[in-house]
Amino acid sequence: MKGTRDDSNNGAIERSLTQILSCEEMLGALVIEMLNAKRTISKRTICLKIAARIATEKNPVTQAQLSALMTLIFTKRQK
């Protein structure tokens, strides 16, 4: 995953707006960010992080991706 570190944002990986992340990449980036911040990783904390990002995100494409990720987390897989 290519990106640049932004020290003012607790080491979050920043990407240009033209690059679109897959759900897996977005989830991975969120988990890495939380691990670097020494936060607890659970379904609840991940969902809270995603919800906070949706609320503050100004780019509608990124908002849609975050919403899709939230849906993916709560969707049961049929076997």
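The values are calculated or read from the model by the stated rules, or taken from the named source; none is laboratory data. Please read all numbers here as calculations on a predicted model, not as lab measurements. Using ideal geometry, Cβ is built from the backbone for each residue, glycine included, and neighbour counts are taken over all protein chains shown.
Return the only residue of LYS2, LYS38 being more than 10 Å from the chain's Cα centre (by Cα), assigned to a loop (DSSP other than H, G, I, E, B) and at pLDDT below 90.
Residue meeting the stated conditions: LYS2.
What's the total number of residues in segment 33-61 that are in contact (Cβ under 8 Å) with a residue 12 or more places away in the chain and polar (S, T, N, Q)?
Here the count works out to 2.
Just to be sure, is ARG44 modelled with pLDDT of 90 or more and assigned to a loop (DSSP other than H, G, I, E, B)?
no
Considering ILE54, ILE20, which residue is surrounded by 11 or more Cβ atoms within 10 Å (Cβ to Cβ) and either at pLDDT below 85 or not in a helix (DSSP H, G or I) (or both)?
ILE20
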